[in-house]
Amino acid sequence: MVLDSFLEPAACWLLHSGIQEASGGVARYYRLDSGTNLPVSSEITGYAISTLAYLHSLTGNSAYLDAAFRAARYLTSEVWDGTTFPFEPGSDRAYFFDIGIIVRGLLAASRLPGGEEFREAAHQAALSLAFDFMGDEAPFHPIVSLPDKQPLAHEKQWSRSPGCYQLKSALAWHDISVSAGDEHAQKLYETVLAYSLATHDTFLFSEPVREKQMDRLHAYSYFLEALLAASDRPLVREALATGVARAAALYREIAPTFERSDVAAQILRVRLIAHHIDALPLDEAAASHEAARAASFQAAPDHPDPRLRGGFYFGSKRGEMLPFSNPVSTGFCLQALQLWQQHQSGRWNFNLQQLI
C-alpha cells in the first residue's frame, strides 16, 4: 500500500527535509525565515517515532522503520541519563508530559519488526514518570529539576502547571497495561483520568487572553484524545461529547485571529476515532471543515524551499502563515487526513496504540 497523494509529500518531508538530524534526533521546528532548524527536542523526537511507526504500518516501507529506529536510539543512547529523559540532552529539568510522549514513541518502535530492544527503555521511563513526578494537590507535578528531581514551582503557563492535558502522557501507562497486562500501570492512568475529569471544565478558560486560548485548546485536545482509552464509560462519553463540542466551537471562533493546524487535526482525530468505536456520533459537516482546514496548512510538494516541501505549517495569524514547519503538526495532520480518507472510503483501519 502507498500513501494517498496528499499525504506522501508529508511522509517525504519527515524523511528527507533534514528535520531529523544526523544524530537521529528531530528538531522542534524548521524556520523558513532563517532556513534553520530549532534545537532537537526529546519530546518531538518521541512524536516523530510514533509518526514514522504509523507510516510503516500503512506502507511496510522500511525507510520509515529505519528512521524510527534512528530516532529511538538517539533517545536511548544520547538523551537517557540513566534515570530519566531530560527536556534536551544536558538540560536541568524534565517534563512529565514529554516523558509520556517518549514512552509511547519507544513502545511504538518496540512493536515494529526488530524493535524489541526499545521495550525495556520504555518501561524504565514509565517508572520515572510514576515516581519522579508524584504530587500533592494534583497527582503529578509537570516539571522536576535535575539531577535532584525536585518539583519546580507551578506557573500560569499551561505546560508548567498540572492539568487535564497530562492525561495524554498518562496514556503511556494505559498502553503498557494493554501490551503487558500491568495492573499497576492501568491504576496510574486511572488516577490521572479521575483528576482530569474533575478539573477539565475550568482548564480552557483559565487563560483570559483570547489568542492564547488557541494554545490552551491544543493542550485541551490532548485530554480529549486520551479519553478515548476509557470511552466505554458513560462519564467519559459525556466528557467527550461536551469537550469536542466546546473545543470545535472555540477553535472556529479564534481561528480568524490565530489558527493552529494541529488543533484542527486533533479535533478531527477525536471525532473520527470516537465515532468508529461507537463513543460519539459523527458530525460529518464539522469533520469535513476540520479536514479542509488541516489540509490547507500543507506546503506544496514543489515549494521553492526544499526543506519545506510537503510539511505542514504550524499555524497562521490573521490569514498569514507563520514561518514554521513543525514535525508534530505534520504528524497530527498526516494521521487525521489519512483517517478522514479511510472513513470516507469505508476502509477504516486503526487502533488506539497508533495515536500519534
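The values are calculated or read from the model by the stated rules, or taken from the named source; none is laboratory data. Quick caveat, the model's predicted, so the values are computed rather than measured. Cβ atoms come from the backbone with ideal geometry, glycine included; neighbour counts cover every protein chain shown. Accessible surface is based on the protein model in full, side chains and every heavy atom, while ligands, DNA and RNA are left aside. Shrake-Rupley method; radii C 1.70, N 1.55, O 1.52, S 1.80 Å.
Of note:
- Computed over neighbours whose Cβ is under 12 Å from that of residue 164, the net charge equals 0, Lys and Arg +1, Asp and Glu -1.
- Accessible surface of the chain, 1.4 Å probe: 52 percent of it comes from carbon and sulfur atoms.
- Accessible area expressed per residue, the chain, with surrounding protein chains retained (probe 1.4 Å, Å²): 39
- In summary, the helical segments of the chain meeting the span-like criteria, namely a full DSSP H run, a Cα extent along the axis of 20 angstrom or more and a mean Kyte-Doolittle hydropathy of at least -1.0, are 42-59, 96-110, 166-180, 183-203, 212-227, 234-254, 261-276, 327-345.
- Only one residue of 134, 254, 95 has its Cα farthest out toward the positive end of the dipole of the chain, where Lys and Arg carry +1 and Asp and Glu -1 on Cβ, and that residue is 254.
- Here the convex hull built on the C-alpha positions of segment 226-310 has a volume of 110 cubic angstrom per residue.
- Each Lys and Arg Cβ is given +1 and each Asp and Glu Cβ -1; about its Cα centre, the chain then shows a dipole of about 580 debye.
- Reducing segment 44-96 and segment 320-356 to their Cα centroids gives an inter-centroid distance of 19 Å.
- Trypsin sites (Lys or Arg not before Pro) lying in DSSP loop within segment 157-262, provided at most 14 other Cβ fall within 10 Å: 210
- q = 0.17 Å⁻¹: log10 I(q)/I(0) that the Debye formula gives for segment 111-163, counting C-alpha atoms only: -0.62
- With eigenvalues of the C-alpha gyration tensor scaled by 5 and rooted, segment 93-190, Å: 24, 14, 11
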